[in-house]
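S.K.: Before anything else, here's the structure in question.
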Amino acid sequence: MTDLESAARRAAVVEALGVLGSGPEERFDRITRMTQEAFGVPLSFLNLVHDGLVTAQSTQGWNQGQSVPAEWVFCATTVLTPEPLVVPDTVLDERFRHMPAVTDEGIRFYAGAPLSMLDGTRVGTLCIMDAAPRTFSDEDLALLRDLARWAERELGQAIDRGRVRRVLDGLVPEPVVVPGHDLATLVTQREDGGGDVADWRLAADDVLHVTVGRVAAPGRAAGLLAAAVRGAAVARTDTALSDAVAGLEAQVTPDLSTGGAVGSLFHLRLDTTSGHADFADAGHGLAVLVRADGSSRVLHSLDLPMGLQPDAVPRSSGALDLGPGDRLAICTPGVLGLDGIGHLDALADLVRSAPDGTAVVDHVRALLPAGEPAHDVTLVVLTRR
């Protein structure tokens, strides 16, 4: 497995754990608390490594839930090997002496053990840090390993193995109930994951996040990169829209370039109380708004896909307001490749004539060919009641 595939798989499994952004949990806090006490250190962490970030899922002595770029911290190195990493004095280690944790935070000692899931994917670390150099005995190392196994078991209880399979091979999000709205969805994936990006979830204050996109890449890389894009979007749920899209693009573009891939993305945030939505479209252009009075318009993208937009050109954004009976349909190219649709105007006609969003999805599902699909097919129909 290449480094790119390994990183994408790690991001997919971390996403499948379903704990990112879930807030403090006593089952994890017990581990970091006992680890801190066992070694008598000021800092202990249970970190998850994903999408170029390291997130403190549980910590003693630091900010719970904080994410930092992976290159800033030791755990990005620890997660790459099956054995614990011990750095008795960070300023004497050429690998880490210039790291912000050392130069800015004054960390002089680090010891961390990788955390692996049942399939062997290493998803994070259990680690300790101190502001003074320390020695670490064989007994200390054995204790850290035992505590890490405890952390692995707790993480493993959160993971549904069928859901892992869907995330890795299908990238199919769970359904959600949206206050004041109906959300009808269809996701059909090739066996190896053909590259569609699909996610929908309710964030704080009943704000609905919908992400639909597409990664075009050779071979299995498309599905793996799609998992990475989706994970990067999920990791920025609490970030302002413009910053989230810019950060996501900065994170995934190097991987897209390495994989010879191009990615498009439509990301929408809907205030379910008012019906107001803000959105960003990175070269996707496959969304159509159908009003209750039958009028419609395509939400054309003004930007190039990720991997093609010049760094000097900022991403544009848009806004819309859903009134009662209005419907927004977002799809991937696989929908337009089905017999009887072919283009967005035909999709708008279908949305306009159907009694509800579920009927639209059912109609498109009936058009799918039998057997293994040649392309991924993703459709989201959002209706304000």
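S.K.: Rounded, prolate or oblate: which fits region 3-101 when a ≥ b ≥ c are the square roots of the eigenvalues of the alpha-carbon gyration tensor, with rounded for a/c under 1.5 and prolate only if a/b beats b/c? Don't skip to the end; give the middle numbers.
M.R.: Working: a/c = 1.79, a/b = 1.04, b/c = 1.72.
Because a/c hits 1.5 or more and a/b fails to exceed b/c, region 3-101 counts as oblate.
S.K.: Additional query: Between residue 150 and residue 105, with labels modelled 7 Å along Cα→Cβ, what's the label distance in nm to one decimal, could you check?
M.R.: A separation of 2.2 nm, rounded to one decimal place.
S.K.: Residues in region 207-236, backbone N under 20 Å from the label point at residue 25 (7 Å along the Cα-to-beta-carbon vector): list them, ranges by number please.
M.R.: Inside the label zone: 231-236.
S.K.: Right, next: Just grab the label-to-label distance for residue 257 and residue 374, each label 7 Å out from Cα along the Cβ direction, in nm (one decimal).
M.R.: 3.4
S.K.: Summing +1 for each Lys or Arg and -1 for each Asp or Glu, what net charge is found among the other residues whose Cβ lies under 10 Å from the Cβ of residue 316?
M.R.: Values: positive: 315; negative: 281, 303.
Local net charge: -1.
S.K.: In degrees, nearest 10, range 0 to 90: what is the angle between the Cα axis of helix 3-17 and the longest Cα principal axis of the chain?
M.R.: It is inclined by approximately 80 degrees.
S.K.: If each of residue 362 and residue 246 carries a label point 7 Å out from its Cα toward its Cβ, how far apart are those two points in nm?
M.R.: Between residue 362 and residue 246, the simple spin-label model gives 4.6 nm.
S.K.: Now, a different point. Would you work out the relative contact order for the chain, in percent, from Cα pairs under 8 angstrom that are 6 or more residues apart?
M.R.: Working: 829 pairs, mean separation 55.6, N = 385.
Here the relative contact order equals 14 percent.
S.K.: If you don't mind, there's one more thing I want to ask. So if we plug the beta-carbon distance of residue 62 and residue 6 into 1/(1 + (r/R0)^6) with R0 = 30 Å, what FRET efficiency do we get, rounded to 0.05? Show your work: numbers first, answer last.
M.R.: Numbers: r = 27 Å, r/R0 = 0.90.
Rounded to the nearest 0.05, the efficiency is 0.65.
S.K.: Would you mind getting me the FRET efficiency between residue 33 and residue 137? Use the beta-carbon distance for r and R0 = 22 Å, nearest 0.05. Intermediate values should be presented prior to the final figure.
M.R.: Values: r = 22 Å, r/R0 = 1.00.
The calculated FRET efficiency here is 0.50.
S.K.: Helix 221-234 against the longest principal axis of the chain: what's the angle in degrees, Cα atoms only, rounded to the nearest 10?
M.R.: For 221-234 against the chain, the angle is about 80 degrees.
S.K.: What's the angle, to the nearest 10 degrees (0 to 90), between helix 357-367's Cα axis and the longest principal axis of the chain?
M.R.: Between helix and principal axis, roughly 90 degrees.
S.K.: Per the helix-only calculation at 222 nm, which mean residue ellipticity applies to the chain, given -39500 (n - 2.57) for every DSSP H run of n ≥ 4 and division by its residues, nearest 500 deg cm²/dmol?
M.R.: Working: 11 runs with 120 residues, N = 385.
Theoretical 222 nm ellipticity from helices: -9500 deg cm²/dmol.
Values quoted throughout were computed directly from the atomic coordinates according to the rules given, and no laboratory measurement underlies them. Because the structure is predicted, anything quoted here is derived from the model rather than measured. FYI the Cβ positions are ideal-geometry reconstructions off the backbone, even for glycines, and counts take in every protein chain you see.
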